[in-house]
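To start, the structure under review is shown below, and the notes come after it.
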């Protein structure tokens, strides 16, 4: 919940920093059009895996980022170390909570990027600096990269990264020539009586690689098109030729924990899924699967090559 703050407090915080004139331009984002700097230099990114990690891969280091707080109070950039070797403690990126308006203002940003679409929240951010909303779930992984690159003046780096990815994807398509005939389901467990199912096209790096290679999403998720909690009674609708189950490696979880979480959701789950009965389940760390990242897409491509391409498997259509 956004902490209450008076307009006077925001203005007081802003008055601590000098204002530097910058060339501005109109930029269209998820919630409208905003005037932003042509080349922003002091960016505050208010989501680690959806904004900060892709910014770093584009060669842009934000001055501050939101992040995660462990039980012991320590902070970290989720997937920062696993994908880039970057965290708060070994970089100049400051940690800031996304609802701490005074702290954000004290950094004198010239651009704030948030995944939020709440108009009241955006008005508060815009009192501090030009603010735009870019939610990764509104577009595929590389489209999110493209519009983020346009916002921060890093289109050339985006095009370089994208060209390499397209070459890799074409190579993967050759290794899996009939991918469209193979269904993939992305799941996670942990809540008794329900399984979380993710919509492939917007599931970060893994989802983008699977979609671009041509794999088919399961019918129920094509209908829902958003990450959804599905009742255990509907588990059969989540079955596929291959099931990918992710786990929170940033919290120290392992594939064994992923299996246990599925067991909590649906006791005996493996018996109900064709993919599991036929050893066609892959367990992947969520940081690398879920983050919007070209480095993560490298890992996703390697996973598909190793776990699916060229494999003799029993299709769901042939289930007993």
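Readers should treat all values here as calculations from the given coordinates under stated rules, not as data from a laboratory. Model, not experiment: these values are computed from the prediction. As a convention, Cβ positions derive from the backbone with ideal geometry for all residues, glycine included, and neighbour counts pool all protein chains shown.
For the range 7-157, the normalised intensity computed at q = 0.15 Å⁻¹ comes to -0.75 (log10 of I(q)/I(0), Debye sum over alpha carbons, equal scatterers, no solvent).
Out of all Cα-Cα pairs in the range 95-162, roughly what percent, to the nearest whole number, are more than 16 Å apart? Value for the range 95-162: 52 percent of Cα pairs lie more than 16 Å apart.
Please compute the volume of the convex hull spanned by the alpha-carbon atoms of the range 169-318 and report it per residue in Å³. Mind dumping the intermediate values first?
On the way: hull volume 14.9 nm³, N = 150.
It comes to 99 Å³ per residue, whole-number rounded.
Let me have the 222 nm mean residue ellipticity of the chain computed from DSSP H runs of 4+ only, each contributing -39500 (n - 2.57), with the sum over all residues rounded to the nearest 500. For the chain, the value works out to -10500 deg cm²/dmol. Translational diffusion coefficient of the range 191-252 (Stokes-Einstein, Kirkwood radius from Cα pairs, 10 °C, 1.306 mPa s): 127 µm²/s.
So for 29, 208, fewest C-beta neighbours within 10 Å to most, what's the order? Mind showing how you got there, number by number?
Numbers: 29 22, 208 26.
Fewest to most other Cβ atoms nearby, the residues stand as 29, 208.
Of 68, 251, 136, the residue with the greatest mean-square motion in the GNM of the chain, using alpha carbon springs below 10 Å, is 251. Size of the chain: Rg and Dmax of its alpha carbons, in Å, are 21.1, 71.
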